[in-house]
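*Asks:* My questions all concern the structure below.
The values are calculated or read from the model by the stated rules, or taken from the named source; none is laboratory data. Everything numeric in this text was worked out from a predicted model, so none of it was measured. In this analysis, Cβ positions are derived from the backbone assuming ideal geometry, glycine residues included, and neighbour counts consider all displayed protein chains.
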Amino acid sequence: MSNDRTGPQSGKLWGGRFKDKTDPGVERFSASVHFDKALARYDIRGSIAHARMLGHTGLIPEADAKIIVQGLERVATEIEIGEFPFDAGLEDIHMNVEARLHEQIGPVAGRLHTGRSRNDQVATDLALYLRDACLASRHGLLQLRQVLAARAEEHLDTVLPGYTHLQRAQPVRLAHHWLAFVEVLGRDAARFADAASRLTHCPLGAGALAGSTLPLDRAQTARELEFVAATRNSMDTVSSRDHALEVMAAAAICMVNLSRLAEELVIWSSAEFGFVELADAYSTGSSLMPQKKNPDVPELVRGKSGRAIGNLVSLLTTMKGLPLTYNRDMQEDKEPLFDSMSTLRDSLEVMSGAIATLRVGTERMAAAAADPMLLATDLAEVLVRQGVPFREAHEAVGRIVAHCVETGVALDSLSKKALQQFDPAFPEAAKKLLDLERSFEQRSLVGGTARATVQLALEAVRAELDAEAAKLEV
Ligand code: ARG
């Protein structure tokens, strides 16, 4: 083998079989480099592993492999410092890197694509990107969960009404309320970890669709790129995007969860609720109304959840009719994927900041939680303890509530005598039938809102977050 060959004669790396130039409109239409340059790092990492393997197996001279690797490292630096001359005429990031490599090291660059197609190349880039994206999402989720747990700890004794149908239902601790989101976001993190556990096999060597006639060492490239092994089926490898889909699904679910948390911050920061006040750093003003302090940050998180949902549906739709194996439609995977992941990353970051810095209106919460009607269920359960069937107890307390509403008497100011007129089973012995403190303390079942129970939950959460931090090495 010698190095005196000149390389491709036409402008395109695939130009050999073409006589005429590509229509400029088609060039623009099919170019992807303006977005897939986000894969540059991964593309070059994959190429370096591939070149080393080619050298190692003797498929190309070791010396050429070295020159290629050094050239690729130089190209990587150019991209990093923003000096890479991206050219839409070269379609995508893969061709841009290879063409630049050719400019830097000459015809030796032509050996890099030995035994490789852009189809297994892009699948490799995506797998590496997705692994990082899963990790980054777990980092962002860990941070937000840590913030929520810290604020929960601070507000163990802050009480507020829990709601169903956005109607006051039963009193809960704010710690319990925020720990609910820690659970939700923990499942989100688990979804990313789970998706990453299916990104363990290396696409390189699958070629265009049917592997290669050349004796590549797929195990070596897999090892170098920190995969467990090479993929088992070349056709699956180049034609599947379900890895991207499941990461995007995890992102969409997570954004929907963040949207619900955001929605509460929006409602809670209204004058009607007054449960929280967002810090100035996480609020914006009105250009017209000088008194306004708007919760734009949570509103935008709520709004951006639409993107994550749309992006997922977009790629699902792109994929649904495609025959095996690679089809160019699949180039449409990248913009929605990148958008979902950056939207999620930013949303997690601003939500962490907003929650870490918001002021809690403990008095407003306590005042709302002091509504004695919130203890109506407890009153029914007093009767149940006396052996009254729950349905009858519910009925009796329902009549008591109606009486209170009609007469304007507070539920907790009814005498025992008055209560017994609705149901004689109300016990004589008990000092006070309705008491907020006792109501809390009685909710000590696992998962409940009693102080000691929430404290235990908080400890478990802390241990879980520490374990996740250790795994993520933060
Ligand atoms: N830019 C292409 C994509 O993202 C790379 C693969 C192109 N392969 C091909 N045979 N045209 O899908």
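*Asks:* Among the listed residues R328, R391, which satisfies the condition of being away from the ligand (no atom under 16 Å from the Cβ) and of a type in the set (K, R)?
*Replies:* Numbers: R328 fails: away from the ligand (no atom under 16 Å from the Cβ).
The unique qualifying residue is R391.
*Asks:* Shifting gears a bit: All but one of (1) farther than 23 Å from S47 by Cβ; (2) buried (at least 17 other Cβ atoms within 10 Å of the Cβ); (3) more than 16 Å from the chain's Cα centre (by Cα) hold for D242; state the number of the condition that does not hold.
*Replies:* (2)
*Asks:* Filter the range 113-166 down to residues that are closer than 20 Å to A252 by Cβ and of a type in the set (S, T, Y) and give me whichever is farthest from the ligand (Cβ to nearest atom).
*Replies:* Going through the qualifying residues, I end up with S137.
*Asks:* Of all residues in the range 159-198, which are among the aromatic types (F, W, Y) and part of a strand (DSSP E or B)?
*Replies:* Y163
*Asks:* Sticking with this structure for a sec: Report, by residue number, each residue of the range 278-301 that is buried (at least 17 other Cβ atoms within 10 Å of the Cβ) and out of contact with any Phe, Trp or Tyr (no Cβ under 7 Å at 6 or more places or on another chain).
*Replies:* L278, Y282, S283, P295, P298, V301
*Asks:* To continue, here is another question. Just to be sure before I move on: is G447 surrounded by fewer than 17 Cβ atoms within 10 Å (Cβ to Cβ), assigned to a loop (DSSP other than H, G, I, E, B) and within 47 Å of the chain's Cα centre (by Cα) in the structure I sent? Walk me through how you get there before you give the answer.
*Replies:* On the way: surrounded by fewer than 17 Cβ atoms within 10 Å (Cβ to Cβ): yes; assigned to a loop (DSSP other than H, G, I, E, B): yes; within 47 Å of the chain's Cα centre (by Cα): yes.
Judged against the criteria, G447 is a match.
*Asks:* Can you find, within the range 32-88, the residue that is surrounded by the most Cβ atoms within 10 Å (Cβ to Cβ) among those that are part of a helix (DSSP H, G or I), of a type in the set (S, T, Y) and within 16 Å of the ligand (Cβ to nearest atom)?
*Replies:* S47
*Asks:* Another question, if that's okay. Just name the residue that is modelled with the highest pLDDT out of those in the range 4-31 that are surrounded by 11 or more Cβ atoms within 10 Å (Cβ to Cβ), of a type in the set (S, T, N, Q) and not in a helix (DSSP H, G or I).
*Replies:* Of everything passing the filter in the range 4-31, T22 is modelled with the highest pLDDT.
*Asks:* Separate question: So E363 passes all but one of these: (1) in contact with a Gly (Cβ under 7 Å, 6 or more places away or on another chain); (2) within 30 Å of D435 (Cβ to Cβ). Which condition number does it fail?
*Replies:* (1)
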